[in-house]
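To start, the structure itself, in structure tokens.
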Amino acid sequence: MAEARVLAEAIIKALDSKRARDIQLLKVGDITILADYFITCTATSTTQIRTLSDLCEEAAEALGEPAHHKEGERESGWVLLDFSTVVVHIFLPEQREFYKLERLWNDGELVDISGLLEESREARKQLLEDSRL
């Protein structure tokens, strides 16, 4: 079983690798028993929702954490993946604006992931450069 923060970071990197938008990590373990972290992000299409949810599952399974529960369909504009300690919400823009989970859970701690995203993008850039050689 992977540590919650390690799992969250792996999922965030996976989401960023396929250009999920406005990725946010919210630490909620002190205010709920549902999970330690919520990850929210925005997809630009139903096809991207499927791609992002598949990548989240692959990243978690690589750490020995299969999804325990899934809700929603990509056509609905919102998919939820529950990995016990980490819950991932993938939205289309309209659904994210409507549900405003970040406001609902504003007692949680918004975690700064800018360094993690920068690291992920640098690794992706390096991989692209290496493939051109």
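Here are some notes:
- Taken across the range 10-25, residues that are farther than 24 Å from GLU73 by Cβ and over 11 Å from the mean Cα position of the chain (by Cα) do not occur at all.
- In the range 90-119, residue surrounded by the fewest Cβ atoms within 10 Å (Cβ to Cβ) [restricted to those that are under 15 Å from the mean Cα position of the chain (by Cα) and not in a helix (DSSP H, G or I)]: ASP112
- The one condition in (1) at pLDDT 95 or above; (2) touching a strand residue (DSSP E or B) at 6+ places or on another chain (Cβ under 9 Å); (3) within 15 Å of THR40 (Cβ to Cβ) that GLU94 fails to fulfil: (2)
- The range 4-89 holds strands (runs of 3 or more DSSP E) entirely within its bounds, and those carrying 1 or more residues that are loosely packed, with under 14 Cβ neighbours inside 10 Å and in contact with a strand residue (DSSP E or B) (Cβ under 6 Å, 6 or more places away or on another chain) map to 21-27, 69-71.
To keep it simple, each residue is scored yes or no on (1) touching a Leu at 6+ places or on another chain (Cβ under 6 Å); (2) of a type in the set (Gly, Ala, Ser); (3) over 22 Å from ARG5 (Cα atoms).
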residue	(1), (2), (3)
ALA62	no, yes, no
HIS68	no, no, no
GLU75	no, no, yes
ASP82	no, no, no
THR85	no, no, no
GLU94	no, no, yes
LEU101	no, no, no
ASP107	no, no, no
VAL111	yes, no, no
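- Within the range 3-15, residues that are among the β-branched types (Val, Ile, Thr) sit with their Cβ atoms under 7 Å from residues that are modelled with pLDDT of 95 or more and assigned to a helix (DSSP H, G or I), at 6+ positions apart or across chains, in these pairs: ILE11/CYS56; ILE11/ALA59; ILE11/ALA60.
The values are calculated or read from the model by the stated rules, or taken from the named source; none is laboratory data. Just so we're clear, the structure is a prediction, and the values are computed from it rather than from any experiment. So basically every Cβ, Gly included, is an ideal-geometry build from the backbone, and we count neighbours across all protein chains shown.
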